[in-house]
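Structure, as structure tokens:
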Amino acid sequence: MPSIRLQDILDILIMSFLIYQLYSWFRRSRAIQVLAGLGVVIAFFFLTRQTGLQMTSWVLQQLETVLIVLVVVVFQNEIRQALYRFSLLRGLVGNTSQNHCSSPSTLSEAVFELAAQQTGAIIVLQRQDQLDEHLLHGIPLDAQISTPLLRNLFHDGSPLHDGAVLIRDERIAMASCLLPLSDTTRLSQQYGTRHRAALGLSEQTDAVVLVVSEERGEVSLAVDDELQPISDAGTLKNRLEELLVPQRTQPRTPLSKRLFSDLLPKGIILLGVSAIWLLLATRPGEVAIVPASLTFHNLPDGLALVRSYPEELSVRIRSTSGLAPSPRQLELTADLDLSTAQEGQNTLRIPTSLIHAPSGVTVVGVEPSTARIIIRKAPHKK
């Protein structure tokens, strides 16, 4: 059983946090299914290496580059969105919109008026995440939010009725936008393309999407990968005020609640990362012979170094576990103290303790174990 350092605990916690963030972003989209499949392939690859299945391990290793390219190509939008959400500079270089709408009452009244007339509609409210790359074939507008305008946009005879309306910075920015459809199987059969499109956008972004069913005259709200039915205009108004309030005025969720929510996936991820760390930490490290250069310090005044032999050492090193850096990629030095050197030829021992190796790497031996140093008096300056 390897000894566990504080750095190892932090290492496990950081990796668990990153994996949980990816899981929480993608768990209700098609990405999580492919990521789970890749996880099985990676686990199978490590298993074949540990059990000595050389041909299977070699084939999977050759597919490594192909799998990386496949993930980048298939999930380029998801990767870009995840990096944007995780960026520490998001508040500085991200969306500069006001992140709220001062007209929830107007929107609520307009949506339920459309529902009463059984006029199908889908309205997207942008928050922090950029939506341009998720919307197709939109017609640019720049209009004030009003009930008559929304009613005319979604009227069956209007040229812009087929698609979604985008509201950004408290203005109707675009109309007739096409949204990405959700691939989820948990959506009831009673919901059509509008609801699947609203849910699809909420899976990939933090947008708030309002949907009016043309067949049933019902109002639904899609946010955070969930489709919620709304019964009346007052309820919708309160919900919009809650969702669209500026983030700086939102109450912060207590740390204890954030830590102890969603415990099952968090526990599984933590156990999985710990198991991988244990597997790598107990794997025998690599042994290699690498070159190391000789350096010197503390040469007495009045003396000059004429020659040293050898100029380079052969150092035998071993990494303590599979988590340590590869010994073959290290640049090592041996720094000799010349404070006791005298004029003439000096033979100095080179102990392994003089080799500066990083943590996780052990110096086993040095060849040769001594160095011959020739020192002469330094010439006097005239």
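The values are calculated or read from the model by the stated rules, or taken from the named source; none is laboratory data. Source: prediction; values computed, not measured. Neighbour counts are summed over all protein chains in view; Cβ atoms, including those assigned to glycine, are modelled from backbone coordinates with ideal geometry.
Consider Q98 carefully, then state whether it is in contact with a helix residue (DSSP H, G or I) (Cβ under 9 Å, 6 or more places away or on another chain), at pLDDT below 85, polar (S, T, N, Q) and on the phi < 0 side of the Ramachandran plot.
no
Do we have any residue at all in the stretch 150-165 that's of a type in the set (V, I, T) and closer than 17 Å to G120 by Cβ?
Yes, the stretch 150-165 contains a residue that is of a type in the set (V, I, T) and closer than 17 Å to G120 by Cβ.
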**Report entry** Pair list, Cβ < 9 Å and 6+ apart or interchain, from the stretch 140-161 residues that are on the phi > 0 side of the Ramachandran plot and outside any loop (DSSP other than H, G, I, E, B) to residues that are charged (D, E, K, R) and surrounded by 14 or more Cβ atoms within 10 Å (Cβ to Cβ)
**Finding:** none
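Yes/no matrix, rows are residues, columns are (1) modelled with pLDDT of 85 or more; (2) more than 30 Å from A116 (Cα to Cα):
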position: S182; (1), (2): no, no
position: L187; (1), (2): no, no
position: V209; (1), (2): yes, no
position: V219; (1), (2): yes, no
position: Q250; (1), (2): no, yes
position: L255; (1), (2): no, yes
Query - Check on Q21, outside any loop (DSSP other than H, G, I, E, B), of a type in the set (S, T, N, Q), at pLDDT below 70 and not assigned by TED's automatic domain parsing to the domain that holds G200 - result: no
Query raised in the report: Is at least one residue of the stretch 185-198 among the aliphatic types (A, V, I, L, M), touching a residue at least 24 places away in the same chain (Cβ under 8 Å) and in contact with a Pro (Cβ under 9 Å, 6 or more places away or on another chain)?
Result: yes
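So which residues in the stretch 175-201 are more than 24 Å from A143 (Cα to Cα) and either among the basic types (K, R) or in a helix (DSSP H, G or I) (or both), if there are any at all? Don't jump to the end; show me each part of the working.
Initial filter on the stretch 175-201 (more than 24 Å from A143 (Cα to Cα)): 180-193, 195-196, 199-200.
Scanning the stretch 175-201 gives R186, T193, H195, R196, L199, G200.
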Report summary line: Note on the stretch 115-138: residues at pLDDT 85 or above and of a type in the set (A, V, I, L, M, F, W, C) are A115, A116, A121, I122, I123, V124, L125
Report summary line: When T235 is run through (1) within 22 Å of P104 (Cβ to Cβ); (2) free of Cβ contacts under 8 Å to residues at least 24 places away in the same chain; (3) part of a loop (DSSP other than H, G, I, E, B), the failure sits at (3)
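Residues that are over 30 Å from F17 (Cβ atoms), of a type in the set (D, E, K, R), at pLDDT below 90 and out of contact with any helix residue (DSSP H, G or I) (no Cβ under 6 Å at 6 or more places or on another chain): does the stretch 278-294 have at least one?
No; the residues of the stretch 278-294 include none that is over 30 Å from F17 (Cβ atoms), of a type in the set (D, E, K, R), at pLDDT below 90 and out of contact with any helix residue (DSSP H, G or I) (no Cβ under 6 Å at 6 or more places or on another chain).
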Query - Selection count where residues are more than 20 Å from Q117 (Cα to Cα) and hydroxyl-bearing (S, T, Y), scope the stretch 189-207 - result: 2
Query raised in the report: Conditions: (1) crowded, with 16+ Cβ neighbours inside 10 Å; (2) without any contact (Cβ under 8 Å) to a residue 12 or more places away in the chain. I373 meets all but one. Number of the miss?
Result: (2)
